[in-house]
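Undergrad: The structure under discussion is supplied below as structure tokens; questions concerning it will follow.
The values are calculated or read from the model by the stated rules, or taken from the named source; none is laboratory data. Only a predicted model underlies this, so the values are computations on that prediction, with no experimental measurement involved. Cβ placement follows ideal geometry from the backbone for every residue including glycine, while neighbour counts extend to all protein chains displayed.
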């Protein structure tokens, strides 16, 4: 088998594996076949937890000594939806007009394909690096993220693995390749408010207690005033109400209860615990407000349930990692990338507990969409960036 130096061919192989989360779909097996000729040792542990699907993962390492660079990512993809809506089959890996089409093309089989090609080129041209390279690849990133990166990191650490730096190959660039390196992420906290009322006839509100009135007061308190104005490295904390429901199909019936779910993306002004305390205080004050509940002596009867596993905010402060990667991007593309903490969460939130981590990958404009696709030119450019980064990072170690 020849070394896998062509990122487009690598990506075609991966896209043709229907690895819709949590199914392995042949993607990890294909990746293992790419890595073995390069000298990687490959392990594919499966992790389990009650109430969740078993998930297969991959850990591969080249070299045993020296500085250790991790590349992290996932081969699982979101469902393609109705294949008839696609102009090219979602798992066909067809090319047209300079683009390669398929589910996972940018999120994020493309990043994996480019990194494998970059390592293959480095080995072909320079031999093995003066250090170690590992790939930590999960099949659970698009799912609940329970049997994936978290457990894979724990498993590897117990085996004695440690890392000096990590790149997550998520699609970080908003417009063109080289726009942005992610050096941190806002935290994420979710909860559901349930207001308990008394069901009754809409014409006799004094005999009922409308929970919608109370819910409106509580939601208003969460939306205003703003939690903060942002910090040096992060956008302002933002809360979005994502659902409001009373499960009521009758227009003349006051419902018995009403619920609202919300998600907060928070900056380094807060921790999950301090933010929960602030939200609880706001709800308590609003529950006692009777502007929309005239004549009610008792506060709004509500409960709040927090979602498990809130994501912490983090910021990577590693000048060598960000500096070498930024210089590699500039050398290949001609422009310096912005260092950003925008966007949602990724598995970098778990890796940051083990080593400095940044994210850099393809342009993400079509991720999760019908006709997800990547420019063939971008695959080559990203491979060149990764290849240069590998050489320069080990040279400066």
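Undergrad: Checking the conditions here, which among 130, 170 is part of a loop (DSSP other than H, G, I, E, B) and either buried (at least 18 other Cβ atoms within 10 Å of the Cβ) or outside the structural domain of residue 390 (by TED's automatic domain parsing) (or both)? I'd like the intermediate steps shown before the answer.
TA: Working: 130 fails: either buried (at least 18 other Cβ atoms within 10 Å of the Cβ) or outside the structural domain of residue 390 (by TED's automatic domain parsing) (or both).
170 is the lone residue from the list that is part of a loop (DSSP other than H, G, I, E, B) and either buried (at least 18 other Cβ atoms within 10 Å of the Cβ) or outside the structural domain of residue 390 (by TED's automatic domain parsing) (or both).
Undergrad: Any idea which residue in region 332-365 is farthest from residue 378 (Cα to Cα), counting only those that are assigned to a helix (DSSP H, G or I) and touching a helix residue (DSSP H, G or I) at 6+ places or on another chain (Cβ under 6 Å)?
TA: Per the stated criteria, the residue is 350.
Undergrad: A further question follows. Across region 142-156, which residue is surrounded by the most Cβ atoms within 10 Å (Cβ to Cβ) among those that are out of contact with any helix residue (DSSP H, G or I) (no Cβ under 7 Å at 6 or more places or on another chain) and part of a helix (DSSP H, G or I)? Walk me through it before giving the result.
TA: Keep residues of region 142-156 that are out of contact with any helix residue (DSSP H, G or I) (no Cβ under 7 Å at 6 or more places or on another chain), which gives 142-148, 151-152, 154-156.
From what's left, part of a helix (DSSP H, G or I): 151-152, 154-156.
On the way: 151: 21, 152: 25, 154: 13, 155: 15, 156: 21.
Out of the qualifying residues, it is 152.
Undergrad: What's the total number of residues in region 39-56 that are farther than 20 Å from residue 76 by Cβ and either surrounded by fewer than 18 Cβ atoms within 10 Å (Cβ to Cβ) or at pLDDT below 95 (or both)?
TA: Taking region 39-56 as the starting set, the residues that turn out to be farther than 20 Å from residue 76 by Cβ are 39-41, 50.
Now drop any that are not either surrounded by fewer than 18 Cβ atoms within 10 Å (Cβ to Cβ) or at pLDDT below 95 (or both), which leaves 39, 41, 50.
Residues flagged as farther than 20 Å from residue 76 by Cβ and either surrounded by fewer than 18 Cβ atoms within 10 Å (Cβ to Cβ) or at pLDDT below 95 (or both) within region 39-56 amount to 3.
Undergrad: Of everything in region 175-189, what is farther than 26 Å from residue 69 by Cβ and surrounded by fewer than 17 Cβ atoms within 10 Å (Cβ to Cβ)? Give them in sequence order.
TA: Hit for region 175-189 is 175, nothing else.
Undergrad: Quick check: anything in region 276-289 surrounded by 15 or more Cβ atoms within 10 Å (Cβ to Cβ) and not in a helix (DSSP H, G or I)?
TA: yes
Undergrad: So residue 323 fits all but one of (1) outside the structural domain of residue 273 (by TED's automatic domain parsing); (2) surrounded by fewer than 15 Cβ atoms within 10 Å (Cβ to Cβ); (3) touching a strand residue (DSSP E or B) at 6+ places or on another chain (Cβ under 9 Å); what number is the exception?
TA: Unmet condition: (3).
Undergrad: Looking at residue 329, is it outside any loop (DSSP other than H, G, I, E, B) and touching a residue at least 60 places away in the same chain (Cβ under 8 Å)?
TA: Details: outside any loop (DSSP other than H, G, I, E, B): yes; touching a residue at least 60 places away in the same chain (Cβ under 8 Å): yes.
Yes; evaluated as a whole, the condition is true for this residue.
Undergrad: Moving to a separate point now. What number of residues within region 303-326 satisfy the criterion of being touching a helix residue (DSSP H, G or I) at 6+ places or on another chain (Cβ under 6 Å) and not in a helix (DSSP H, G or I)? Explain how you work it out, then say what you get.
TA: Kept after step one, since they are touching a helix residue (DSSP H, G or I) at 6+ places or on another chain (Cβ under 6 Å), are these residues of region 303-326: 310-311, 324-325.
Now drop any that are not not in a helix (DSSP H, G or I), which leaves 310-311.
Of the residues in that region, 2 qualify.
Undergrad: Let me ask you something else. Run down 235, 175, 199 and say which single residue is assigned by TED's automatic domain parsing to the domain that holds residue 107 and either in contact (Cβ under 8 Å) with a residue 24 or more places away in the chain or on the phi > 0 side of the Ramachandran plot (or both). Show your work before the answer.
TA: Details: 235 fails: assigned by TED's automatic domain parsing to the domain that holds residue 107; 199 fails: assigned by TED's automatic domain parsing to the domain that holds residue 107.
Result of the check over 235, 175, 199: 175.
Undergrad: When you scan region 81-88, do you find a residue that is in contact with a helix residue (DSSP H, G or I) (Cβ under 9 Å, 6 or more places away or on another chain), in contact (Cβ under 8 Å) with a residue 24 or more places away in the chain and crowded, with 16+ Cβ neighbours inside 10 Å, even just one? Quick ask: steps written out before the conclusion?
TA: Residues of region 81-88 in contact with a helix residue (DSSP H, G or I) (Cβ under 9 Å, 6 or more places away or on another chain): none.
The answer is no; no qualifying residue exists.
Undergrad: Can residue 362 be described as touching a strand residue (DSSP E or B) at 6+ places or on another chain (Cβ under 8 Å), surrounded by 16 or more Cβ atoms within 10 Å (Cβ to Cβ) and under 30 Å from residue 91 (Cα atoms)? Break it down stepwise before answering.
TA: Working: touching a strand residue (DSSP E or B) at 6+ places or on another chain (Cβ under 8 Å): yes; surrounded by 16 or more Cβ atoms within 10 Å (Cβ to Cβ): yes; under 30 Å from residue 91 (Cα atoms): yes.
So residue 362 fits the description; yes.
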